[in-house]
Amino acid sequence: MSTANHGKRFLIAFVVLSVIATPLVAVFVGPHLPPGNASTQAHEQVFDNTWLLAIMTPPAIFVVLLLGYMLVNFRSRSEAIVDGPPIRGDLKIQTLWMILTSATVLFLAGFGSYELVQSGSGGGEGPSPAFQPAGYTRAMDVQVIAQQWEFTYRYPTYGGVEVPHLVLPAHTLIRLHVTSLDAIHSFWAYQLGVKADANPGVDNVAYVRTKGPTTFDIHCAELCGLWHGYMFDTGQVVDGAQFASWIKRQQSYFAPLKQYLPKYATSYLPDPQDRAG
Ligand SMILES: [Cu+2]
């Protein structure tokens, strides 16, 4: 078979396989990609991951198919292994390569940047976020306080009550204020699609819009000392009425401890001696 025929045959197989596999991957694999569907941000991350996976499907097919094609058609049948002649300066292939790779990288950069800013990515944006999601002025503030080795949560709109477990109302935009009392931690609420650095003295804001009632995993995602691996919990999203009665119970249950807590602030001094928490 001539070189041109090999090229044509390979190209046809590549195009046919890509056209079939790419939509199948997007439709059937996409919905199972992390982190899930517990918040608008998580849902959008699944959407982004689906696009990325779909875009990388043709290049993956190209590599595997080329390898298979080479193994079958260009296997050395003689005893001696003879290298083929070197190929240099093929302007057509070089131009095509540059155009395809540049277009792919530029598209991904544009797509990624747009997705990051349009409604908050679920990542921490620092004390004064440059990009705010729609309706952010009505967002509910919840403070996440990391310390060795647990997270606690304060609700400034409910008298600054501090609780050991995170409960959020459903269908609500939440403004998380992530901070730390000691080492550097990272607040990672997996199914909510939230991951934000928890640094002492820093108010790291991350937005998340909850969906329906569900549970989600919380982990510390920054090696923070001996018991880092035990710094996990299960959070809850509950409906509005349930949240209202829960927060009321917390306010009365933790009322005796209130006198030991410092006044609510966006961050606290990293001195556990000065603070019950
Ligand atoms: Cu930690």
Open item on the list: Quick check on packing: order 82-89, 42-49, 109-116, 176-183 by the mean number of other C-beta atoms within 10 Å, highest mean leading.
Closed with: 176-183, 42-49, 109-116, 82-89
Open item on the list: Given an 8 Å cut-off on Cα distances and at least 6 residues of separation, report the relative contact order of segment 1-140 as a percent.
Closed with: 21 percent
TODO: Give me the compactness ratio for segment 86-200, meaning the Cα radius of gyration over 2.2 N^0.38 Å.
DONE: 1.59
- [ ] Let me know the whole percent of all Cα-Cα pairs from segment 136-269 that are separated by more than 22 Å.
- [x] 32 percent
TODO: Calculate the spin-label point distance for Tyr230 paired with Tyr158, positioning each point 7 Å from the Cα along the beta-carbon direction, and give it in nanometres.
DONE: 2.7 nm
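Treat segment 174-217 as a sphere of radius equal to its Kirkwood radius over Cα pairs and apply Stokes-Einstein at 4 °C in a medium of 1.567 mPa s; give the translational diffusion coefficient in µm²/s, rounded to a whole number.
Taking Rh from Cα pairs, D becomes 117 µm²/s.
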- [ ] For segment 1-65 and segment 91-145, compute the distance between their C-alpha centroids and round to whole Å.
- [x] 21 Å
Task: In Hz, Karplus ³J(HN,Hα) per residue of segment 26-39 (6.51, -1.76, 1.60; θ = phi - 60°; x = Gly, Pro) - done: 5, 7, 9, 8, x, x, 9, 6, x, x, x, 9, 7, 8
Open item on the list: Under the 0.36 nm per residue contour assumption, what length would be gained going from the current alpha-carbon distance of Leu96 and Ala241 to full extension?
Closed with: 46.2 nm
- [ ] Above 29 angstrom, tally the Cα pairs of the chain and express them as a % of all pairs, no decimals.
- [x] 49 percent
- [ ] Give me the compactness ratio for segment 1-111, meaning the Cα radius of gyration over 2.2 N^0.38 Å.
- [x] 1.42
TODO: Please list the non-local residues whose amide H lies under 5 Å from the amide H of Leu166, H modeled 1.01 Å from N, same-chain partners needing a gap of 5 or more.
DONE: Gln236
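All of the numbers you see were taken from the coordinates with simple rules; none came from a lab. None of the values given here were measured: they were computed from a predicted structure. Here the Cβ is made from the backbone with ideal geometry for all residues, glycine too, and neighbour counts use every protein chain on show.
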